[in-house]
1. Would you confirm whether or not the stretch A:203-219 contains a residue that is of a type in the set (Gly, Ala, Ser), at pLDDT below 95 and surrounded by 20 or more Cβ atoms within 10 Å (Cβ to Cβ)?
2. State all residues of the stretch B:104-128 that are crowded, with 23+ Cβ neighbours inside 10 Å and either facing chain A (nearest Cβ under 10 Å) or touching a residue at least 60 places away in the same chain (Cβ under 8 Å) (or both); if no residue qualifies, say none.
3. Which number in (1) over 30 Å from B:Pro195 (Cβ atoms); (2) surrounded by fewer than 23 Cβ atoms within 10 Å (Cβ to Cβ); (3) modelled with pLDDT of 95 or more; (4) among the small types (Gly, Ala, Ser) marks the one condition that A:Ala34 misses?
4. Tell me yes or no: at least one residue of the stretch B:79-102 is surrounded by 21 or more Cβ atoms within 10 Å (Cβ to Cβ), more than 7 Å from chain A (Cβ to nearest Cβ), touching a residue at least 40 places away in the same chain (Cβ under 8 Å) and more than 30 Å from A:Glu125 (Cβ to Cβ).
5. How about the stretch A:81-112: which of its residues are in contact with a His (Cβ under 9 Å, 6 or more places away or on another chain), outside any strand (DSSP E or B) and within 30 Å of A:Leu182 (Cα to Cα)?
6. Please tell me if B:Asp169 is loosely packed, with under 15 Cβ neighbours inside 10 Å and closer than 24 Å to B:Tyr98 by Cα.
7. Name the residues in the stretch A:186-206 that are touching a residue at least 24 places away in the same chain (Cβ under 8 Å) and under 14 Å from B:Gly84 (Cα atoms), would you?
8. A:Ala145 versus (1) within 10 Å of chain B (Cβ to nearest Cβ); (2) under 30 Å from B:Ser124 (Cβ atoms): which is the lone unmet condition?
Number of protein chains: 2
Amino acid sequence: MLSETPRTRHRRIKENGRTDPADLVAVLAAGLVAHLGIVIDGHPMVVPTVYGYDEDHIFLHGSVASRSLLLEKEVCVTVTVMDGLVLARSVFEHGVNYRSAMIYGAPRRVTEPAEILHGLRLLSEHSAPGQWDYVRQPSKKELAATRLLALPLTEASVKISDGFPSDGDGPDAALGLWAGRLPMVTTWGTPEADPLLAAGIEPPAHIAGRSGSNAHPAAPAVRIAGQETGTA
Amino acid sequence: MLSETPRTRHRRIKENGRTDPADLVAVLAAGLVAHLGIVIDGHPMVVPTVYGYDEDHIFLHGSVASRSLLLEKEVCVTVTVMDGLVLARSVFEHGVNYRSAMIYGAPRRVTEPAEILHGLRLLSEHSAPGQWDYVRQPSKKELAATRLLALPLTEASVKISDGFPSDGDGPDAALGLWAGRLPMVTTWGTPEADPLLAAGIEPPAHIAGRSGSNAHPAAPAVRIAGQETGTA
């Protein structure tokens, strides 16, 4: 089989036509875990990690000792939100509804102190909004032990699927089977206090207020190429 | 920076001591989406995909046209279940509770018809239990359009984190801030009928009965290295 170059690869992916920056940001807003793909000694490695983002970059962080945060290497960062199952009238037509973003590029190590704080704050606030200002912020020593990478959002593709089975008007419809979709929803639970917490300290509103809310909400601005969403 | 060989890499990962096969199978049982990492022309690519598994293999499938299912290439397949946030008294001590498995190796393309059906059935039943026997099974033509890969579960590592913040007995405890964990739970919703479905066809029990249940349940056999789970 002929190997393809990165450029033909990305062109092909872009033909899916879901590279509107608003779609990308909406997926990043909805997700919580990124899967960082790197090549080490010719071998692929995929590491789950939290992330932050702004309009121009996705930020990843880790220990300075982490091999998965080596510098100047091309990476692929994939963020996926699973929204449910598409249950068809045949095994072959089954599928998944999901939102996914793949971002390619060589991340830059952030070294300027103000940008490090900017990126770490975005990282922290994305998964735990309100905590940056509530808890103790990083010390000089902690900052020195943290590696922060910024990957530009310039080369990316987005796939969003939120449909029903496609065999409703095909011959399998005559089987008389139920078909549709089974949604899944990820919800924040009730805060559980650290067993070492002193008595009388209640969770602040920015934590307690998340209970019962959707952890992967659909952003109102999501534009779905080719089909409608259930929420837009 | 010295590049490491795959063997030193894997040795280092195994030192985490969470390579009990029962842990691996428990993570595969709890997860629904795998992130498949491959190297194409020297560049990493990470693709989300569903999977099935048995005691010896994880199975991945896709279109025969898919570049991410090229043969004989080494891959890394990572399955991650996010269980919640660890909210500490400082930004630096924040973290995530999760269950994750990374499987390395060169997948084998399954070509023997009985094994293809075995693998596809495992794939289908893992995310949609009961559907294989309820819906129409794959035709010869559909099987020919499907590529099935089997990756042995021989080289893998598992990471499971389910703890509380570690700063409860450190100097930051004096800050008097709330700390603990914020769990997240993914639940199956209510089946939504295909708009093209004929009237009077109700979802069968194996679909309707999932509503409200945890989509990433902790397997009773999960053994957590180093700490206790909330469920075991």
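1. Within the stretch A:203-219, one or more residues are of a type in the set (Gly, Ala, Ser), at pLDDT below 95 and surrounded by 20 or more Cβ atoms within 10 Å (Cβ to Cβ).
2. Selection gives B:Tyr104, B:Gly119, B:Leu120, B:Leu123, B:Ser124, B:Ala128.
3. That leaves (2) as the condition not met.
4. no
5. Of everything in the stretch A:81-112, just one residue is in contact with a His (Cβ under 9 Å, 6 or more places away or on another chain), outside any strand (DSSP E or B) and within 30 Å of A:Leu182 (Cα to Cα), namely A:Ala88.
6. Yes.
7. A:Thr186, A:Thr187, A:Trp188
8. Every listed condition holds for A:Ala145 apart from (2).
The values are calculated or read from the model by the stated rules, or taken from the named source; none is laboratory data. Quick caveat, the model's predicted, so the values are computed rather than measured. No Cβ is skipped: glycine too gets one built from the backbone with ideal geometry, and neighbour counts run over all protein chains shown.
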